[in-house]
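These notes are about the structure you will find just below.
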């Protein structure tokens, strides 16, 4: 079945900015297209504090996003309230773990809200377990799934598939038409532009 693949990371600030446009895109996507998501995994596990230069760069990125994508909110208190680490794989594994409870999308949103609005650190396991509990997932069951070897293996599988698709930055959209893969330019403010591109490619594929 032809489909649209969305590649993301729950701690990717551009993915947070893309969320409203993505929601509209999914609502208006032709029913003949299957929508799937892949976790690209921005940064591996690390207990090392984020270097000051990277902190400065990311804070500037947040401000740039707010200028480019009006309405995107960030709580800049994160940078003083938390000890940032360049480590997004725990959050990615949390989404995979939550999928076992049919809460993957809710977990992604919960991580984004914790990070960008509530100044909480999703690189910390305790934060991820608290988010899961707020979604109605049993804490112990989620923690077990989060730490399971199978969850880490699944993340690696998704990262490898991301590389196979030629995706190196997030968010990314790839249209798969009978094995032919077409990158869809991400538009943060005009979902109709992406829908038009998808429609054109589907028509081209049918010729």
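Which number do you get for Rg(Cα) / (2.2 N^0.38 Å) in region 110-157? Kindly include the intermediate steps, with their values, before the conclusion.
Numbers: Rg = 11.4 Å, N = 48, 2.2 N^0.38 = 9.6 Å.
Dividing the Cα radius of gyration by 2.2 N^0.38 Å gives 1.19.
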Classify region 28-73 as rounded, prolate or oblate, taking a ≥ b ≥ c as the square roots of the eigenvalues of its Cα gyration tensor: rounded when a/c is under 1.5, otherwise prolate if a/b is larger than b/c and oblate if not. oblate
Of the residues 53, 108, 189, which exhibits the maximal mean-square fluctuation in a Gaussian network model of the chain defined by a 10 Å Cα contact cut-off? 53
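Would you mind computing the Rg to Rh ratio of region 1-92 from its alpha-carbon coordinates, Kirkwood style for Rh? Intermediate values should be presented prior to the final figure.
On the way: Rg = 15.7 Å, Rh = 15.1 Å.
Result: Rg/Rh = 1.04.
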What is the Cα centroid distance between region 117-183 and region 1-78, reported in whole angstrom? 12
Degrees separating the helix 52-68 axis from the principal Cα axis of the chain, which is the longest one: 40
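Show me the ranking of peptides 7-15, 77-85, 151-159 by mean Cβ neighbours inside 10 Å, starting with the highest. Don't skip to the answer; put the middle values down first.
Details: 7-15: 23.0, 77-85: 14.1, 151-159: 16.1.
Top of the packing list down: 7-15, 151-159, 77-85.
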Acute angle (nearest 10 degrees) that the helix 13-28 long axis makes with the longest principal axis of the chain, alpha-carbon atoms: 40
Rg(Cα) of the chain divided by 2.2 N^0.38 Å? 1.04
Please report the antiparallel percentage of DSSP beta bridges with both residues in the chain, rounded to the nearest 5. 65
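Quickly estimate the mean residue ellipticity at 222 nm for the chain, helices only: each DSSP H run with n ≥ 4 gives -39500 (n - 2.57), and the total goes over all residues, rounded to 500. Don't jump to the answer; show the numbers that get you there.
Values: 9 runs with 112 residues, N = 207.
Counting only the DSSP helices, I get -17000 deg cm²/dmol.
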Roughly how tilted is helix 104-116, in degrees to the nearest 10 and between 0 and 90, from the longest Cα axis of the chain? 50
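Since every read-out is calculated from the coordinates, none of them should be taken as a lab result. None of the values given here were measured: they were computed from a predicted structure. FYI the Cβ positions are ideal-geometry reconstructions off the backbone, even for glycines, and counts take in every protein chain you see.
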